[in-house]
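A single structure is presented below for examination.
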Amino acid sequence: MRLISPEEAGFTPDLSHRLDALVRRGGAPALHGVVVARHGRVVLEWYGGGEDHVLNTPLGHVDFGPDTPHDVRSVTKSVVALLYGLALESGLVPGPGEPILTVFPEYADLAADPRRAGLTIGHALTMTTGLEWDESAPYTSPANSEIAMEMAPDRCRYVLERPFVEEPGERWRYSGGAAALVGAIVERGTGSRLEEFARAALFEPLGTGAFEWSTGSDGRALAASGLRLTPRGLARIGQAVVDREIAPGWLEEMLRPRVPAWEAVSYGYMWYSGPDGRASAMGNGGQRLFLLPDLGLVVAVTAGDYDGAGQDTAPRAVLEDVVLPAIR
């Protein structure tokens, strides 16, 4: 994406100064990177420095730049939803209404349970499987369901054999296990590792640049949280969604609000949906991709407040205190 001046994109000329002022006054703690794009052109690019990690492995102090990959954590889930849509449009995976267990014939014992056999791919995409799942514990503890899943010998079986706590489709329950299922469905349907399908079908066609994808103990890509992208690469994906460059039919379905998540925010297919067609992808630590189609606007934020109580502070301040007020 080409860099242009804020004025050319309909912003006040002091856009970058507004962000600098926010950082100086401590209004964006642990902010690492920001890319703002409008109508496919970058209007602001900012990088800082700070302590960082690859999942739970400390990297020490990192000075970030345009080519520095950054954990995007659970933004990974939203990218996996894009990959599922690309595979679906190529006829490689079953549709959202199809039973999950048809993709996993080796779990015939689980399919013998009629309620479990009725779980659909759509239930996983909306995180409404009704299965027990709790990620409230730190992401270093086996009390966290995502960590317990990664410690299990079979990631997908672990998810699918959880006990039911409510009827499928009733309520949104945040679940990295749901993302793991969708990632496995993409791999089985395409015959490719998740990261290789992502490279060929999404990253290279869009020109997102360097990426990395952390793996679990089984050597498979972590579909819930393992992706590393540059902020510019993240923004490029966001712009492709806003402009309907890829799988346009799927994007409408993916972003459509389907189930309440919290006040004024709904969940689509592994993306958060708000008013006016706005959407976002969110990850632990302050990773955010904001999509504002009504304004032709994309805001990508990376940060390092992992597991912090105020991790929404920096990305929200960038969007609401810097970017939106600067639109003329």
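What residue, among those in the range 120-137 that are part of a loop (DSSP other than H, G, I, E, B), touching a Lys or Arg at 6+ places or on another chain (Cβ under 7 Å) and not polar (S, T, N, Q), is surrounded by the most Cβ atoms within 10 Å (Cβ to Cβ)?
Across the range 120-137, the extreme among qualifying residues is Met127.
Okay, next question. Looking at (1) outside any helix (DSSP H, G or I); (2) of a type outside the set (Lys, Arg); (3) over 25 Å from Pro293 (Cβ atoms), which is the one condition that is false for Glu187?
(1)
Give just the number: which of (1) surrounded by fewer than 21 Cβ atoms within 10 Å (Cβ to Cβ); (2) within 19 Å of Gly209 (Cβ to Cβ); (3) hydrophobic (A, V, I, L, M, F, W, C) does Val265 not satisfy?
(2)
Go through the residues of the range 85-96 one by one and say whether even a single one is at pLDDT below 95, farther than 28 Å from Tyr139 by Cα and more than 16 Å from the chain's Cα centre (by Cα).
For the range 85-96, residues at pLDDT below 95, farther than 28 Å from Tyr139 by Cα and more than 16 Å from the chain's Cα centre (by Cα): absent.
Search the range 138-151 for residues being free of Cβ contacts under 8 Å to residues at least 24 places away in the same chain and in a loop (DSSP other than H, G, I, E, B), and hand back the single one that is surrounded by the fewest Cβ atoms within 10 Å (Cβ to Cβ).
Of everything passing the filter in the range 138-151, Ser141 is surrounded by the fewest Cβ atoms within 10 Å (Cβ to Cβ).
Does Ala30 count as in contact (Cβ under 8 Å) with a residue 60 or more places away in the chain and touching a Lys or Arg at 6+ places or on another chain (Cβ under 9 Å)?
Here the answer is no, as Ala30 does not meet what is asked.
Here is a follow-up. Looking at the range 71-80, can you tell me whether even one residue there is modelled with pLDDT of 95 or more, acidic (Asp, Glu) and surrounded by fewer than 17 Cβ atoms within 10 Å (Cβ to Cβ)? Walk me through it before giving the result.
Step one: filter the range 71-80 for residues modelled with pLDDT of 95 or more, giving 71-80.
From what's left, acidic (Asp, Glu): 71.
Filter once more, keeping what is surrounded by fewer than 17 Cβ atoms within 10 Å (Cβ to Cβ): none.
Checked against the condition, which is being modelled with pLDDT of 95 or more, acidic (Asp, Glu) and surrounded by fewer than 17 Cβ atoms within 10 Å (Cβ to Cβ), the range 71-80 yields no hits at all.
So in the range 190-230, with the set limited to residues that are polar (S, T, N, Q) and out of contact with any strand residue (DSSP E or B) (no Cβ under 9 Å at 6 or more places or on another chain), which one is farthest from Leu55 (Cα to Cα)?
Applying the filter and picking the extreme gives Thr190.
Could you list, in sequence order, all residues of the range 70-96 that are out of contact with any Ser or Thr (no Cβ under 6 Å at 6 or more places or on another chain) and in a loop (DSSP other than H, G, I, E, B)?
Val72, Ser90, Gly91, Val93, Pro94, Gly95, Pro96
Right, here's the next one. If you take the residues in the range 152-177 that are in a helix (DSSP H, G or I) and free of Cβ contacts under 8 Å to residues at least 60 places away in the same chain, which one is surrounded by the most Cβ atoms within 10 Å (Cβ to Cβ)?
Gly177
Separate question: Can you run down the residue pairs with Cβ atoms below 6 Å, 6 or more apart or on separate chains, where the first is in the range 182-197 and touching a residue at least 24 places away in the same chain (Cβ under 8 Å) and surrounded by fewer than 24 Cβ atoms within 10 Å (Cβ to Cβ) and the partner is in a loop (DSSP other than H, G, I, E, B) and not polar (S, T, N, Q)?
Gly189/Leu92; Gly189/Val93; Thr190/Leu92
Go through (1) out of contact with any Pro (no Cβ under 9 Å at 6 or more places or on another chain); (2) within 19 Å of Val75 (Cα to Cα); (3) not in a helix (DSSP H, G or I) and name the single condition Val182 misses.
It fails just one condition, (3).
Looking at the range 266-289, can you tell me whether even one residue there is within 22 Å of Tyr139 (Cα to Cα), without any contact (Cβ under 8 Å) to a residue 60 or more places away in the chain and of a type in the set (Phe, Trp, Tyr)?
Checked against the condition, which is being within 22 Å of Tyr139 (Cα to Cα), without any contact (Cβ under 8 Å) to a residue 60 or more places away in the chain and of a type in the set (Phe, Trp, Tyr), the range 266-289 yields at least one hit.
The values are calculated or read from the model by the stated rules, or taken from the named source; none is laboratory data. Note that the coordinates shown come from a computational prediction; the quantities given were computed from them, not determined experimentally. In this analysis, Cβ positions are derived from the backbone assuming ideal geometry, glycine residues included, and neighbour counts consider all displayed protein chains.
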